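Note sheet for the following structure.
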Amino acid sequence: MTIKLGVPSKGRLMEKTFDWFGARGVTLSRIGSDREYAGAVSGVDGVELVLLSAGEIPRELAAGRIHLGVTGTDLVREKLGQWEQQVQEKAELGFGHADLIIGVPACWVDVDTLEDLDAAAAAFRRAHGFRLRIATKYHRLVREFLQDNGVADYQLVDSQGATEGTIKNLTAEGVADITSTGDTLRANHLKILSDAVMLKSQATLFKSRKADMDDEERSAMGTLLVQLGLDG
Amino acid sequence: MADKAKIRARAAKLSAEFEAAGALPVEMPVLLPADVLLDLYGEDIRGRAYVTSDALRGEQMLRPDFTVPVVQMHMAHGADPARYTYAGEVFRRQEEDQTRANEYMQVGYEVFDRENSAASDAEVFAVMQEALKGVELRAATGDIGILAAAVAGLETTVRRKRALARHIWRPRKFKALLDRYSGKAEMPASRAALLAADDPMTHDYPDIGLRSQAEVAERIQGLRADANADPISPLQVELIEALLNVRETLPNALEHIRVLAVDMPAITEAAFCLRDRMHALEARGVDVDTLEFEASYGRTSMEYYDGFVFGFYVPGRADLPPVATGGRYDALTQVLGQGREIPAVGGVIRPGILVQLEDAA
């Protein structure tokens, strides 16, 4: 049997991943039409390419349905409880850099730190009768971070996209999202809290701790990792 | 994990004991409207409770505890004084430790009584202790009311006292605020710059979002006033820290707190309450001479306890959750009572842990 390598199925993340493996003598490619999610591996034997949404790769690794997977650290930490026991970080790939941050309107000139955010949230709740809303898709990471840092009187509202727009639409007062350049935040008149970088994420090759391997597969894994310069 | 039928049978026995003590058995729903719990506990509850939803009723939570529905029921149509008992599953989401139960039985005893709070506190504690007799347990007690009184009595601004009171349940944040207000920790550079600016409200950023520029200006005014206020004196900080460190048998703790009250007159009333409770516990046959009192106890648990707090623990088994916990939650009845309030105190036992201990014995 073969070991399965999960790679993001589209966009820059897929291309950069292909480049990273290609530079190490492992050629990954898509086959068939542009719309067909099928792939091929050459340069090493016993490895099968599985094209998946980056957001589903953590789950597939944890379930042991793929042996290796490329995805962002942010997604692994958000989606997997006790992630270190389910997956192992094999290599940081040096692209897909993004920080998980908290953004608030730039016109909140009184707010720069988490301490300010907490105080502003308390006053906001007194004035408006409900907790200050922070829009995000990283519920677990943000909740744990704010709890650890003593921020109260906030609530998270789910936002799976166009998160920066929620403030102007009056459906949230702040956002917690990943950003690489901060351009989208600035374009939406937001600023980043100075002490609230929750996570520095980048595309990372993870190995599942849950996927079973027979002798043949273990040997294919060993060969692949050596080829990638990551020793077995 | 002991088998469920056995735990149910043990729970039934506890319920019978609580009924014999005068409690009315009540049934509570398993699905609770999420908004009430979210408003009460904030986002933290989402990390502890399972949330589900349907298109008609919106978000619902699988009962994370009984206190909220029992208080709501009492406030809606209960006549006081009242004593209730209930038994059933609670559900707690576990994201860090798979060995911790995410579903377990609780059997509770709650007292709603306007007269003599000390007697009600002692009653709940004694009823729990009686129900747990035969198992070797360590009891811990505390009193959030003493801390709250100490904070309210600080010689400083209302604003600072309000901020400290809000974070009594977050010890690290509480300490950080105390350091800031006593001048031990310097203000962040960004705040210093904000306060030094002639007119920070003049800027080119568009006004977006629900939090208005008037609210921003108001907070800056508050920060300015705070910067001009005297720091909390080292003596006051020392007193608060001494109070937080009180950890002795109840009679010794009471003596200690009375001594502290000489310099902190604000806690005098709370110290009297502690004394009355000690006497009430004694009258109930509790051995107060060996009962532990810890001023910081209960600070990291649920935010609604505001007076007496207690827990029963298995000695030498830090891996096991407490067998029983409870406390006073007067303020909660005010929040849920929409204008009405009634002093209330209660506790729960986990029959599952009890069976585990009794089987091992």
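Hey, can you tell me all the residues within the range A:130-144 that are among the hydrophobic types (A, V, I, L, M, F, W, C) and touching a residue at least 60 places away in the same chain (Cβ under 8 Å)?
Across the range A:130-144, the qualifying residue is only A:LEU141.
How many residues are within 14 Å of chain A (Cβ to nearest Cβ), within 14 Å of the chain's Cα centre (by Cα) and outside any helix (DSSP H, G or I) if we restrict to the range B:125-176?
Summing the residues that are within 14 Å of chain A (Cβ to nearest Cβ), within 14 Å of the chain's Cα centre (by Cα) and outside any helix (DSSP H, G or I) in the range B:125-176 gives 4.
Can you say whether B:ALA122 is under 15 Å from the mean Cα position of the chain (by Cα) and either in contact (Cβ under 8 Å) with a residue 12 or more places away in the chain or outside any helix (DSSP H, G or I) (or both), as far as the supplied structure shows?
no
So A:PHE95 fits all but one of (1) more than 16 Å from the chain's Cα centre (by Cα); (2) surrounded by fewer than 19 Cβ atoms within 10 Å (Cβ to Cβ); (3) under 27 Å from A:GLU15 (Cβ atoms); what number is the exception?
The one condition A:PHE95 does not meet is (1).
Filter the range A:200-215 down to the residues that are surrounded by 13 or more Cβ atoms within 10 Å (Cβ to Cβ) and outside any strand (DSSP E or B) and list them by number.
A:GLN202, A:ARG209, A:LYS210, A:ALA211, A:MET213
If A:ILE134 meets every condition in (1) within 16 Å of the chain's Cα centre (by Cα); (2) surrounded by 22 or more Cβ atoms within 10 Å (Cβ to Cβ); (3) within 10 Å of chain B (Cβ to nearest Cβ) apart from one, which number is that one?
Every condition holds for A:ILE134 apart from (1).
Quick check on my filter: what residues within the range B:60-105 are closer than 18 Å to B:PRO322 by Cβ and in contact with a helix residue (DSSP H, G or I) (Cβ under 8 Å, 6 or more places away or on another chain)?
Within the range B:60-105, B:PRO64, B:THR67, B:ALA87, B:ARG92, B:ALA101, B:TYR104, B:MET105 qualify.
May I ask you to say which residue of A:VAL197, A:VAL142, A:VAL226, A:VAL151 is in contact with a helix residue (DSSP H, G or I) (Cβ under 6 Å, 6 or more places away or on another chain), more than 8 Å from chain B (Cβ to nearest Cβ) and outside any strand (DSSP E or B)?
After applying the criteria, what remains is A:VAL151.
Restricting to strands (runs of 3 or more DSSP E) lying wholly in the range A:1-107: which have 1 or more residues that are touching a strand residue (DSSP E or B) at 6+ places or on another chain (Cβ under 7 Å), over 30 Å from A:LEU132 (Cα atoms) and among the aliphatic types (A, V, I, L, M)?
A:3-8, A:27-31, A:38-42, A:47-52, A:68-72, A:87-92
Test A:ALA172 against the criterion of being assigned to a loop (DSSP other than H, G, I, E, B), small (Gly, Ala, Ser), facing chain B (nearest Cβ under 10 Å) and touching a Ser or Thr at 6+ places or on another chain (Cβ under 7 Å), and give yes or no.
For A:ALA172, the condition - assigned to a loop (DSSP other than H, G, I, E, B), small (Gly, Ala, Ser), facing chain B (nearest Cβ under 10 Å) and touching a Ser or Thr at 6+ places or on another chain (Cβ under 7 Å) - is met.
How many residues does the range B:76-89 hold that are among the aliphatic types (A, V, I, L, M) and surrounded by 20 or more Cβ atoms within 10 Å (Cβ to Cβ)?
So the count comes out to 1.
Hey, could you check the range B:320-335 for residues that are of a type in the set (Ser, Thr, Tyr) and not in a loop (DSSP other than H, G, I, E, B) and say which is farthest from B:MET128 (Cα to Cα)?
B:THR333
Hey, among the residues in the range B:1-52 that are part of a helix (DSSP H, G or I) and aromatic (Phe, Trp, Tyr), which one's surrounded by the fewest Cβ atoms within 10 Å (Cβ to Cβ)?
It comes out as B:TYR41.
Condition check ((1) over 30 Å from B:GLY142 (Cβ atoms); (2) surrounded by 16 or more Cβ atoms within 10 Å (Cβ to Cβ); (3) acidic (Asp, Glu)) across all residues:
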{"position": "B:ARG219", "(1), (2), (3)": "yes, yes, no"}
{"position": "B:ASN228", "(1), (2), (3)": "yes, no, no"}
{"position": "B:SER233", "(1), (2), (3)": "no, no, no"}
{"position": "B:LEU239", "(1), (2), (3)": "no, yes, no"}
{"position": "B:LEU250", "(1), (2), (3)": "no, yes, no"}
{"position": "B:LEU260", "(1), (2), (3)": "no, yes, no"}
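Would you confirm, using the coordinates I've provided, whether A:ALA187 is over 22 Å from the mean Cα position of the chain (by Cα) and more than 27 Å from B:ARG93 (Cα to Cα)?
yes
In this structure, is B:GLN60 free of Cβ contacts under 8 Å to residues at least 40 places away in the same chain and of a type in the set (S, T, N, Q)?
yes
Each value in this text was obtained by applying a stated rule to the coordinates, not by laboratory testing. Fair warning: this is a prediction, and the values are worked out from it, not measured in the lab. Please note: Cβ atoms are built from the backbone with ideal geometry, for glycine as well, and neighbour counts cover all protein chains shown.
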